[in-house]
Amino acid sequence: MDRILAIDGDVGLTELLTEYLGCEGFTLEAEHNGKRGIEKSVSGRYSLIILNIMLPNLSGFEVLRQIRRSSRVPVIMLAARDSITDRVLGLEIGADDYLPKPFEPIELLARLRAILRRILSTSAQGFLAVGPLTIDSGDHRVFQNEVRIDLTSSEFDLLYTLAASAGHVVSREGLFRKALGRNYTPFNRSVDNIIASLRKKLGTDPIGNSQIKTIHGVGYMYTQASNNLRTTP
């Protein structure tokens, strides 16, 4: 049974989610204090974290920053519906997904399951080597020229999807479906924000070009040494 940690000052909401997710086969624990939430998040006991931006003693952004210093555990952030800036910032810091409040528990459940399915799927795919990258899907580790690059689970899944199709364009819709596990919506910028973060972490190729190329009006392509792609079980 997957264990979920909710870091949220709203006691009523966490009680509702504990009951609802419990009926769906998950064990949810609630923590209403940001500092204690950080300690629990990095313990390795949880499959996923639900984190509210608004916390009474420490902002959700700072909680996420501290979690990302030592853990790649998937994080779904809860953000105010009208706060696009907060949602974008959360993704840039390292959130895997966000959900605007108020929300229906069934939507949170769908996003939670999508993230866990992606992790299970990529974990079974073995190693992928293309250009300077070596991707270990079992441990969710990425190395570039033998130097490890720390990625969130969404960044990992999106990069794996692009690298597995190196030299070919993957549509924005395809990235939503294959890498993020949900349907594409025209005004959702999640993929674009994750791409921007990946570009910063990967850097440029030897002649200064981004390794992930934008194909305007279509999608994205991983460009490095597509003829050198190989996989191992």
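Remarks
- Filter result (surrounded by fewer than 16 Cβ atoms within 10 Å (Cβ to Cβ) and under 16 Å from D157 (Cβ atoms)) within region 200-218: K201
- Of all residues in region 18-40 being of a type in the set (V, I, T) and within 22 Å of the chain's Cα centre (by Cα), the one that is farthest from A110 (Cα to Cα): I38
- Any hit, region 19-28, residues being at pLDDT 95 or above and under 19 Å from A79 (Cα atoms): no
Matching residues to (1) in contact with a Pro (Cβ under 9 Å, 6 or more places away or on another chain); (2) at pLDDT below 80; (3) under 23 Å from R118 (Cα atoms):
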residue	(1), (2), (3)
S165	no, no, yes
V170	no, no, yes
G174	no, no, yes
R182	no, yes, yes
N193	no, no, yes
A196	no, no, yes
A225	yes, yes, no
N228	no, yes, no
P233	no, yes, yes
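- Residue in region 144-153 that is in contact with an Asp or Glu (Cβ under 6 Å, 6 or more places away or on another chain) and not assigned by TED's automatic domain parsing to the domain that holds S43 present: yes
- Region 85-117, subset assigned to a loop (DSSP other than H, G, I, E, B) and crowded, with 18+ Cβ neighbours inside 10 Å, residue modelled with the lowest pLDDT: G94
- Reported count of residues in region 30-73, each being part of a loop (DSSP other than H, G, I, E, B) and either crowded, with 22+ Cβ neighbours inside 10 Å or not assigned by TED's automatic domain parsing to the domain that holds G9 (or both), is 2.
- Yes/no for R81 being surrounded by 18 or more Cβ atoms within 10 Å (Cβ to Cβ) and at pLDDT below 90: no
- No other residue among R177, R199, R182 is basic (K, R) and in a loop (DSSP other than H, G, I, E, B) apart from R182.
- The single condition among (1) out of contact with any strand residue (DSSP E or B) (no Cβ under 6 Å at 6 or more places or on another chain); (2) touching a residue at least 12 places away in the same chain (Cβ under 8 Å); (3) of a type in the set (S, T, Y) that T85 does not meet is (2).
The values are calculated or read from the model by the stated rules, or taken from the named source; none is laboratory data. Source: prediction; values computed, not measured. Glycine gets a Cβ as well: all are built from the backbone with ideal geometry, and neighbour counts include every protein chain shown.
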